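The values are calculated or read from the model by the stated rules, or taken from the named source; none is laboratory data. Bear in mind that the values here come from a model prediction, so they are computed numbers and not experimental data. Using ideal geometry, Cβ is built from the backbone for each residue, glycine included, and neighbour counts are taken over all protein chains shown. Side chains are part of the model used for accessible areas, which takes the heavy atoms of the whole protein and leaves out ligands, DNA and RNA. Shrake-Rupley method; radii C 1.70, N 1.55, O 1.52, S 1.80 Å.
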Amino acid sequence: MRLLDRIAGASLLKQHGVDKIFKFEGKPIRHGNDQRLYLVRPDIETVKQIAEHIAADKTAGKERVYRIILVPRKTFLCENLLEQEGVHGYVTLDQYCPNFLPLDSDLLSLEMPGFFRSFFLDGDQTYVHTVADALINLQSVFGTIPNVYAIGNCSKMVYDMMETLREDRGAPAALKNEIGHLVLIDRDVDYITPLCSQLTYEGLLDEIFGINSGYCDFGPEVMGKDQTIRLLLTCQDEVFDDIRNRHFSGVFNFLSTKAKELASDYEKRKNLATVGEMKDFVANKLKALKAQHKSLALHIGASEHIINVKAKTDFEEHLRTEHSLLDTSQIKENIAYIEEAINRQYPLMQSLRLLCLMSQVLNGLPKNDYEGLTTQFLQSHGFEHMLTFLNLKKLGLLTEQEPSKTVDSMIKTGKMTAAGAKVATTVASAIPRTTSNYSQVCRKLNLIPKIEEVDLKNATDMSYVFSGAFTPITCRLVEKILAKEGFDGLDDVMKLLPGPKFCNIKAKSVKDYRFIIATTAIITGTRLLEGVMES
């Protein structure tokens, strides 16, 4: 619904003949006119429910015109299902691909939250074409991107599909290329970054309130009254633009200073000497001041609520656990905290994110710890999550450590008996292994800076987003790739990352970069895990 709002709001739709808009919930819609248009994702369960709507109308003798628009594309499975349900002949089936939605001046999103599960968990490659097509369309406007780098199976498939689409469509119009580099990186290359708690203002807004297609809803906890306001968060909001990327520890001081500046600007009207000056103030400055004042009040209210939530959810202890996991220290103490969080029934996602983070940094949990923690989780939050753990294991998000290869080789060479191997494996499983890919990647990419080197108020190091505890892997990879214009000298790092690596370099570039982020969807650690949970 919010994606639709960004493309065509309710007023525009009504101008073009739309009578009513309903959120699709599967239940039959008894009222409405004789034309019905469904705008849905190509999900089998959804299409089946639509077929049931149509069949129910036919049984009741109601004649309507039906059109289904699948976003972002039609699929054979959906068409086939409509045929099996006997309603295909009553339906006009179409597709709509919105391509990249500009959420802000430097942020593009396909707004396809189901992509991660579809590709990485279900093995469905349907949307690879959608991603490649969006990138080709982007280049039809800004020129062909000469240098492309890909890390991971999906990224390589997207590149190959782009080349196929180029061949099918012929030579593009000759445009000056305004984008010099395209770096494609799979999500499974860096699970750790979204699992960590964001500590910028915008990141905390997303974690606590939720930002959807650029919109954030503020309720009574911010407004101070029984009212909800939907705010579009972009750089056009001057107050938000000033604080969005600040570490939260410095946000209140800035807002306080901004409030004093606005108060001073309001006071200046008392010193206006002429009617002309007053007229100019009202026409050009007053409206902007009122908009900033309203925005300032909202962001102060949101900041206060964030502080209250942090206080109620043991946020500081959770953060301490995260940070010590990232530097692989105090593992026993961290396991004890996670057990406490599970058994005291802290929010489910809080515990699950820590479990997955620990698995990532240790290259899997020791067998005894894995069995103990997952069992406690199921007992505390419900055994329906057994399927969730199966999905997490399949994705490599939460796994057991593999049996020691050293023990296996000692048995084969006769240096250890089977009984001795059993004892050794048991002992080994009780000792967390920190010599994982994570540890090696951390060391080679220098992901853990010295805390004293990170200035949170005047940030110059990427790790400030996590209070200096960790540098996002994806960001560091992009930095290294652009510095070397390829993978030269990065072989020892690339071999530690999953999937194939590929680069196609056709032009050297000037080292003056402006970054534009393009993604299939905006995620947090919570959204990442919710997307693979089984209800």
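Within the range 145-193, take every residue that is modelled with pLDDT of 95 or more and in a loop (DSSP other than H, G, I, E, B) and give me the one that is nearest to ALA521 (Cα to Cα). My answer is ASP186. Only one of (1) closer than 21 Å to THR519 by Cα; (2) exposed (fewer than 14 other Cβ atoms within 10 Å of the Cβ); (3) at pLDDT below 90 is not met by SER105, so which one is it? Result: SER105 fails condition (3) only. Report, by residue number, each residue of the range 102-118 that is within 15 Å of the chain's Cα centre (by Cα) and of a type outside the set (S, T, N, Q). Of everything in the range 102-118, those that are within 15 Å of the chain's Cα centre (by Cα) and of a type outside the set (S, T, N, Q) turn out to be LEU103, LEU107, LEU108, LEU110, GLU111, MET112, PRO113, GLY114, PHE115, PHE116, ARG117.
The C-beta contact set for the range 354-381 (first residue outside any helix (DSSP H, G or I), second residue of a type in the set (Lys, Arg) and at pLDDT below 95, distance under 9 angstrom, 6+ apart or interchain) comprises LEU362/ARG433; ASN363/ARG433; GLY364/ARG433; PRO366/ARG433.
Consider GLY152 carefully, then state whether it is open to solvent by less than 60 Å² (accessible area, probe 1.4 Å), of a type in the set (Gly, Ala, Ser) and touching a residue at least 60 places away in the same chain (Cβ under 8 Å). Yes, satisfied. For the list (1) without any contact (Cβ under 8 Å) to a residue 40 or more places away in the chain; (2) closer than 18 Å to CYS442 by Cβ; (3) surrounded by fewer than 17 Cβ atoms within 10 Å (Cβ to Cβ), I need the number of the one condition that ASN334 fails. Tallying (1) without any contact (Cβ under 8 Å) to a residue 40 or more places away in the chain; (2) closer than 18 Å to CYS442 by Cβ; (3) surrounded by fewer than 17 Cβ atoms within 10 Å (Cβ to Cβ), ASN334 fails exactly one: (3). Residue-level analysis places PHE502 among those that are of a type outside the set (Asp, Glu), modelled with pLDDT of 90 or more, surrounded by fewer than 17 Cβ atoms within 10 Å (Cβ to Cβ) and touching a helix residue (DSSP H, G or I) at 6+ places or on another chain (Cβ under 8 Å).
So which residues in the range 155-198 are of a type in the set (Gly, Ala, Ser) and surrounded by fewer than 19 Cβ atoms within 10 Å (Cβ to Cβ), if there are any at all?
Applying the first criterion (of a type in the set (Gly, Ala, Ser)) to the range 155-198 yields 155, 170-171, 173-174, 180, 197.
Once the filter is applied, which keeps residues that are of a type in the set (Gly, Ala, Ser) and surrounded by fewer than 19 Cβ atoms within 10 Å (Cβ to Cβ), the range 155-198 yields GLY170, ALA171, ALA173, ALA174, GLY180.
A residue that is polar (S, T, N, Q) and touching a Lys or Arg at 6+ places or on another chain (Cβ under 8 Å) occurs nowhere in the range 174-181.
Return the residues of the range 199-212 that are buried (at least 19 other Cβ atoms within 10 Å of the Cβ) and part of a loop (DSSP other than H, G, I, E, B); say none if nothing qualifies. Across the range 199-212, the qualifying residues are LEU199, PHE209. Quick check: is even one residue across the range 70-91 in contact with a Phe, Trp or Tyr (Cβ under 7 Å, 6 or more places away or on another chain), acidic (Asp, Glu), modelled with pLDDT of 90 or more and open to solvent by 20 Å² or more (accessible area, probe 1.4 Å)? Checked against the condition, which is being in contact with a Phe, Trp or Tyr (Cβ under 7 Å, 6 or more places away or on another chain), acidic (Asp, Glu), modelled with pLDDT of 90 or more and open to solvent by 20 Å² or more (accessible area, probe 1.4 Å), the range 70-91 yields no hits at all.
Filtering the range 374-397 to residues that are within 20 Å of PHE115 (Cα to Cα) and either open to solvent by 90 Å² or more (accessible area, probe 1.4 Å) or not aromatic (Phe, Trp, Tyr) (or both) leaves LEU387, THR388, LEU390, ASN391, LEU392, LYS393, LYS394, LEU395, GLY396, LEU397. With respect to HIS305, is the statement that it is modelled with pLDDT of 80 or more and touching a Leu at 6+ places or on another chain (Cβ under 7 Å) true? No.
In this structure, is THR46 open to solvent by 50 Å² or more (accessible area, probe 1.4 Å) and under 21 Å from PHE22 (Cβ atoms)? Spell out the reasoning first.
Details: open to solvent by 50 Å² or more (accessible area, probe 1.4 Å): no; under 21 Å from PHE22 (Cβ atoms): yes.
When the stated conditions are applied, THR46 does not pass them.
Could you please find all residues in the range 74-105 being assigned to a loop (DSSP other than H, G, I, E, B) and either free of Cβ contacts under 8 Å to residues at least 24 places away in the same chain or of a type outside the set (Lys, Arg) (or both)? Can you show your working first?
Quick first cut of the range 74-105, residues assigned to a loop (DSSP other than H, G, I, E, B) only: 74-75, 85-87, 96-100, 105.
If the condition is that a residue be assigned to a loop (DSSP other than H, G, I, E, B) and either free of Cβ contacts under 8 Å to residues at least 24 places away in the same chain or of a type outside the set (Lys, Arg) (or both), then THR75, GLU85, GLY86, VAL87, TYR96, CYS97, PRO98, ASN99, PHE100, SER105 are the ones that fit.
Search the range 476-489 for residues being in contact (Cβ under 8 Å) with a residue 24 or more places away in the chain and assigned to a helix (DSSP H, G or I), and hand back the single one that is surrounded by the most Cβ atoms within 10 Å (Cβ to Cβ).
Filtering the range 476-489 for residues in contact (Cβ under 8 Å) with a residue 24 or more places away in the chain gives 476-478, 480-482, 485-487.
Then keep just the ones that are assigned to a helix (DSSP H, G or I); that gives 476-478, 480-482.
On the way: ARG476: 20, LEU477: 23, VAL478: 17, LYS480: 16, ILE481: 21, LEU482: 18.
Ranking the qualifying residues of the range 476-489, first place goes to LEU477.
Could you check, for the range 128-143, whether at least one of its residues is part of a loop (DSSP other than H, G, I, E, B) and surrounded by fewer than 16 Cβ atoms within 10 Å (Cβ to Cβ)? I'd like the intermediate steps shown before the answer.
In the first step, residues of the range 128-143 are kept if they are part of a loop (DSSP other than H, G, I, E, B); the result is 143.
Now drop any that are not surrounded by fewer than 16 Cβ atoms within 10 Å (Cβ to Cβ), which leaves none.
Checking the range 128-143: not a single residue is part of a loop (DSSP other than H, G, I, E, B) and surrounded by fewer than 16 Cβ atoms within 10 Å (Cβ to Cβ).
Given the options ASP492, ASP455, name the one that is assigned to a loop (DSSP other than H, G, I, E, B), among the acidic types (Asp, Glu) and open to solvent by 40 Å² or more (accessible area, probe 1.4 Å). The conditions single out ASP455. For the range 302-309, the count of residues that are within 16 Å of GLY224 (Cβ to Cβ), in a helix (DSSP H, G or I), in contact with a strand residue (DSSP E or B) (Cβ under 7 Å, 6 or more places away or on another chain) and not basic (Lys, Arg) is at least one.
Annotation: of all residues in the range 6-43 being part of a helix (DSSP H, G or I) and open to solvent by less than 60 Å² (accessible area, probe 1.4 Å), the one that is nearest to SER118 (Cα to Cα) is ARG6.
Name, by its number, the condition in (1) out of contact with any helix residue (DSSP H, G or I) (no Cβ under 6 Å at 6 or more places or on another chain); (2) of a type in the set (D, E, K, R); (3) over 30 Å from CYS235 (Cα atoms) that does not hold for ASP124. Failed condition: (1).
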